[in-house]
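Chemist: Pasting a structure below so you can have a look.
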Amino acid sequence: MRTLIRQVSIFDGTGSSPQTGSVLVEGETIARIAFGDDASVARDAAENADVVIDGRGLTLMPGMVDAHTHLTWASSLEKVYHQFILPHDELKVAAWRNARVLLDHGFTSLYSAGALGDLIEPELARAIAAGETPGPRLVPSTLERSPDGEDGTDTGGVFNGRGPDAMRAFVAYCADEGVQSIKLVVSGEDALKPNSAMDVLYTREEMMAAGEATRAAGLWIACHTYSPEAIGLALDAGARILYHCSFADEATVERMAAEKDRFFYAPGPGVSVAALEASPPPHIDMTHMKASARVRLELEAKLIPQLKARGVRVLIGGDYGFPFNPHGRNARDLQHFVDHFGYTPAEALRAATQYGGELMGLKTGVVREGWLADLLLVDGDPTQDVSILQDKDRLKMIMKGGKLHKAPAQVAAAH
Ligand SMILES: [Zn+2]
């Protein structure tokens with residue numbers, strides 16, 4: 001199967017200005033890109049293409065990557081759940097639906113930040129990869145792990161025990177069930193338990209054991225961290241991605257900058273902005289959540305411009321899945337980067353594409369010959385206005401691995 005997308009404005013994911021050209025997709029990859037008015041290339045490709053898509057007036061860009069996803073946080077634009085913890089079967093239904101909702105909204109890859117049910121995400125990732133259900137590429141995770149006695153999800157048994165051996169047992173369990181990234185809640189969470197953000201829930205020995213065991217098993221670590229101490233432990237353990245980091249001090253910024261090539265960072269403004277906007281019914285108390293969101297956003301507004309200037313890879317993804325911050329709104333994070341963190345639209349797009357692809361460890365996130373054809377056709381120019389990505393009707397084409405999840409109206413069969 002060969003698909004030619006011609007005369008389109010191409011944003012390649014790296015942050016450079018869009019250029020007009022044509023892209024030929026063959027099988028699951030981008031076979032050829034011709035920039036400018038090289039009509040001979042387009043004509044040549046057109047003769048051999050099965051499908052030709054006219055891209056005039058549209059922007060071709062890489063599919064987006066959400067770096068902090070909880071598919072089992074059940075609420076989406078399509079269905080709101082008022083309770084957080086659901087029966088296992090319903091969690092599964094919600095996760096499978098949410099994967100499809102995210103693909104419908106232009107996300108072709110997801111990095112999971114933890115699940116509320118065991119086994120759901122490895123099963124879902126396998127089903128998506130096998131083409132049994134629509135969804136983005138998924139790095140699956142398991143239950144978010146916090147140690148005994150803390151306010152995490154009480155999962156019992158192998159999950160919550162203390163000490164390095166318990167960590168090794170947890171990693172072995174996760175590896176067996178097909179998880180690719182474990183989630184460690186290293187810092188407390190003010191939004192749930194006031195004044196706990198500076199608490200550090202794991203010992204150095206536990207974190208180092210998790211680091212060694214995950215490296216040996218070929219797994220990654222994602223960490224929920226707020227304080228300098230928690231951030232330091234996560235980096236020492238070799239975590240692949242750090243979330244939040246709101247209370248990073250000067251020395252921590254120095255360290256993050258010095259080690260920028262070995263980790264990723266996703267602050268997660270989506271949930272903070274949505275918490276501040278929310279007007280919950282009287283029986284729902286969001287006081288702590290709103291107070292925590294305000295503090296975090298203020299700190300991050302100072303922190304993130306520094307980290308960006310130092311070359312740290314800052315990614316989008318903002319704890320979507322609450323009723324007030326449902327799945328499907330994930331592209332709001334790009335606008336939050338512009339509004340709160342001083343990003344240009346092109347920089348926000350790069351955070352959502354090139355850096356996301358690097359996080360996934362896949363040849364995705366840029367428009368480049370030989371790379372995966374995970375592509376969007378957007379009505380308009382997101383490098384001028386990223387908010388247009390929030391409107392799924394402006395996504396005229398959604399392609400994952402060369403297959404059309406959403407086909408544009410103006411597809412013409414060649415010949
Ligand atoms: Zn999260």
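The values are calculated or read from the model by the stated rules, or taken from the named source; none is laboratory data. Note that the structure is predicted; figures quoted are calculated from it, not measured. Every residue, glycine among them, receives a Cβ derived from its backbone with ideal geometry; neighbour counts consider all protein chains shown. Protein only, heavy atoms only, side chains kept; ligands, DNA and RNA dropped before computing areas. Shrake-Rupley method; radii C 1.70, N 1.55, O 1.52, S 1.80 Å.
Chemist: With respect to the numbered conditions (1) outside any helix (DSSP H, G or I); (2) more than 16 Å from the ligand (Cβ to nearest atom), which one is the sole condition not fulfilled by Ala257?
Modeler: So the condition that Ala257 fails would be (1).
Chemist: From the list Ala414, Ala407, pick out the single residue that is modelled with pLDDT under 95, open to solvent by less than 30 Å² (accessible area, probe 1.4 Å) and more than 16 Å from the chain's Cα centre (by Cα).
Modeler: Ala414
Chemist: Something else now. From Ala373, Ala351, grab the single residue that is under 30 Å from Gly238 (Cα atoms) and among the hydrophobic types (A, V, I, L, M, F, W, C).
Modeler: Just a single option satisfies the conditions, and that option is Ala351.
Chemist: Yes or no: Leu86 closer than 15 Å to Ala115 by Cβ and either surrounded by 15 or more Cβ atoms within 10 Å (Cβ to Cβ) or aromatic (Phe, Trp, Tyr) (or both)?
Modeler: yes
The rows are residues; the columns are (1) open to solvent by 60 Å² or more (accessible area, probe 1.4 Å); (2) more than 16 Å from the ligand (Cβ to nearest atom); (3) assigned to a loop (DSSP other than H, G, I, E, B).
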residue	(1), (2), (3)
Ala301	no, yes, no
Pro305	no, yes, no
Gly311	no, yes, yes
Ile316	no, no, yes
Phe337	no, yes, no
Leu362	yes, yes, yes
Asp381	no, yes, yes
Gln384	yes, yes, yes
Leu389	no, yes, no
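Chemist: Quick check on Lys193: is it within 25 Å of Leu297 (Cα to Cα), at pLDDT 95 or above and open to solvent by 40 Å² or more (accessible area, probe 1.4 Å)?
Modeler: No; evaluated as a whole, the condition is false for this residue.
Chemist: Just checking, which of Val101, Val25 is in a helix (DSSP H, G or I), touching a Ser or Thr at 6+ places or on another chain (Cβ under 6 Å) and away from the ligand (no atom under 16 Å from the Cβ)?
Modeler: Being in a helix (DSSP H, G or I), touching a Ser or Thr at 6+ places or on another chain (Cβ under 6 Å) and away from the ligand (no atom under 16 Å from the Cβ) holds for just one of Val101, Val25, which is Val101.
Chemist: Among (1) more than 30 Å from Pro122 (Cα to Cα); (2) of a type in the set (Gly, Ala, Ser); (3) open to solvent by less than 10 Å² (accessible area, probe 1.4 Å); (4) more than 16 Å from the ligand (Cβ to nearest atom), where does Gly211 come up short?
Modeler: If we test Gly211 against (1) more than 30 Å from Pro122 (Cα to Cα); (2) of a type in the set (Gly, Ala, Ser); (3) open to solvent by less than 10 Å² (accessible area, probe 1.4 Å); (4) more than 16 Å from the ligand (Cβ to nearest atom), just (1) comes out false.
Chemist: A follow-up question, please. Restricting the search to the range 220-254, which residues are open to solvent by less than 10 Å² (accessible area, probe 1.4 Å), within 16 Å of the ligand (Cβ to nearest atom) and assigned to a loop (DSSP other than H, G, I, E, B)?
Modeler: Tyr226, Ala239, Cys245, Ser246
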